[in-house]
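The values are calculated or read from the model by the stated rules, or taken from the named source; none is laboratory data. As the structure is a prediction and not an experimental result, all values here were calculated from the model. Reconstructed Cβ throughout: ideal geometry from the backbone, glycine too, with neighbour counts over all protein chains shown.
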Amino acid sequence: MDVCRSSLFLYIRGTNRLYPMEEVRQNSVRAWLLAARPKTLAAAVAPVAVGCALAYYFDAFQWVPALCCLLFAVAMQIAANLINDLYDFLKGSDGEDRLGPPRATAQGWITPDRMKIGILVVVALGCLFGSVLMLYVGWWLVAVGIFCVLFAYFYTSGPFPLAYNGLGDVAVVAFFGLVAVGFTAYVQILSWPMALTLAGIATGLAVNVLLVLNNYRDVENDAKSGKRTVVVLLGKRFGLYLYLCSGVAALLLAQVMNCVLDLPLYMFLMMMPYLLLHAMTWNKIRKIDQPARLNVLIGETSRNMLLFAVLLSAMLVLSR
């Protein structure tokens, strides 16, 4: 057997399984760090960065609300990860045939009862950070915070889990794009120009590409476990082109925003490296016929997503 090593796991080709190289003590700090999935936090940071760049463009950037938005977004991302970890385990979606990185509850690193407590603690911290924003906007912002908490919960749990009923992509674009970008900018600008909507949806599409890759990889296992993602419902070929078109659509919306703000065309050309890298990653996905091998492209997809946010933010900052 061909064996590949990493700092945390032993992957044996031919078995499509990951084995822990080192023992993770149950409910330890390391177990919680792994459960939080630090690499996914870029999906929370990217939209906040774009929202702050919009606030800067409109000459309204403020450090305190920007920081509170960042901490709230990161907390909600971690909470969503923990909830996803727990309820995918309870639903039986994280079985021995899982192709993605190991999950803490399924591996026994964190017990279900402790995971529930951890979720409550992280959500409470997020709400604490978010409550500061009411000083800048008003009490009505509580409704937005509750909406975000409900999204984190109902994404993979509840009577109608969004990720299990073909609505995961819509939810990601809405919350990691429109809500995260829009309200990060709004609490500083105190208005909602069209640019916030366009930048929000564009960023959400760029972030959602990562979900599309995961769903494309897991399409067979998801179908067996009853997880009806868009890729399960419409097929792998649709998922492959959804990956490509999501990135292209994100770029086109960025150009529409560019036109709405009447920015010079050369500013939009700054976004071209993203399109090139996105197309190159898609081409690699197209050529891979073993789902487990797609894991190596998660990092590339995350890199592309961050690059999109950085370039869009830079375009806004430099255009002021």
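A single member of ALA104, ALA55, ALA35 is touching a Gly at 6+ places or on another chain (Cβ under 8 Å) and over 18 Å from VAL144 (Cα atoms), and it is ALA35. Taking the criterion of being farther than 17 Å from LEU33 by Cβ and crowded, with 19+ Cβ neighbours inside 10 Å, the residues of segment 71-80 that qualify are PHE72, ALA73, MET76. Selection over segment 142-183 of residues that are in contact with a Ser or Thr (Cβ under 6 Å, 6 or more places away or on another chain) and either surrounded by fewer than 23 Cβ atoms within 10 Å (Cβ to Cβ) or at pLDDT below 90 (or both) gives a count of 1.
The residue of segment 276-290 that is farthest from TYR243 (Cα to Cα), among those that are loosely packed, with under 12 Cβ neighbours inside 10 Å and polar (S, T, N, Q), is GLN290.
Among all positions in segment 152-161, there is at least one residue which is closer than 21 Å to TRP32 by Cα, among the small types (Gly, Ala, Ser) and within 15 Å of the chain's Cα centre (by Cα). Of the residues examined, ALA195 is one that is touching a helix residue (DSSP H, G or I) at 6+ places or on another chain (Cβ under 8 Å) and more than 21 Å from LYS39 (Cβ to Cβ). Entry remark, segment 190-212: residues being over 29 Å from ASN84 (Cβ atoms) and hydroxyl-bearing (Ser, Thr, Tyr) number 1 in total. Among the numbered conditions (1) of a type outside the set (A, V, I, L, M); (2) modelled with pLDDT under 50; (3) closer than 21 Å to LEU71 by Cα, the only one that PRO38 does not meet is (2). Can you find a residue that is within 27 Å of ARG228 (Cβ to Cβ), in a helix (DSSP H, G or I) and charged (D, E, K, R) anywhere in segment 94-111? So far as segment 94-111 goes, no, none of its residues is within 27 Å of ARG228 (Cβ to Cβ), in a helix (DSSP H, G or I) and charged (D, E, K, R). Is it the case that segment 147-160 has a residue that's touching a Gly at 6+ places or on another chain (Cβ under 6 Å) and part of a helix (DSSP H, G or I)? Scanning segment 147-160 turns up no residue that is touching a Gly at 6+ places or on another chain (Cβ under 6 Å) and part of a helix (DSSP H, G or I). Figure legend. Inter-residue proximity from segment 152-181: first residues within 17 Å of TYR87 (Cα to Cα), second residues among the basic types (Lys, Arg) and surrounded by 22 or more Cβ atoms within 10 Å (Cβ to Cβ), beta-carbon distance below 8 Å, spacing 6+ or different chains. Indicated pairs: ALA163/LYS227; TYR164/LYS227.
I'd like to check something: does segment 44-57 contain any residue that is more than 26 Å from VAL296 (Cα to Cα), β-branched (Val, Ile, Thr), crowded, with 18+ Cβ neighbours inside 10 Å and in contact (Cβ under 8 Å) with a residue 60 or more places away in the chain? Yes - at least one qualifying residue is present in segment 44-57. Can you pull out the residues in segment 194-230 that are over 17 Å from the mean Cα position of the chain (by Cα) and of a type outside the set (S, T, N, Q)? Correct list: MET194, ALA195, LEU196, LEU198, VAL219, GLU220, ASP222, ALA223, LYS224, GLY226, LYS227, ARG228. Given VAL256, VAL232, which one is β-branched (Val, Ile, Thr), surrounded by fewer than 22 Cβ atoms within 10 Å (Cβ to Cβ) and more than 28 Å from GLY130 (Cα to Cα)? Just a single option satisfies the conditions, and that option is VAL256.
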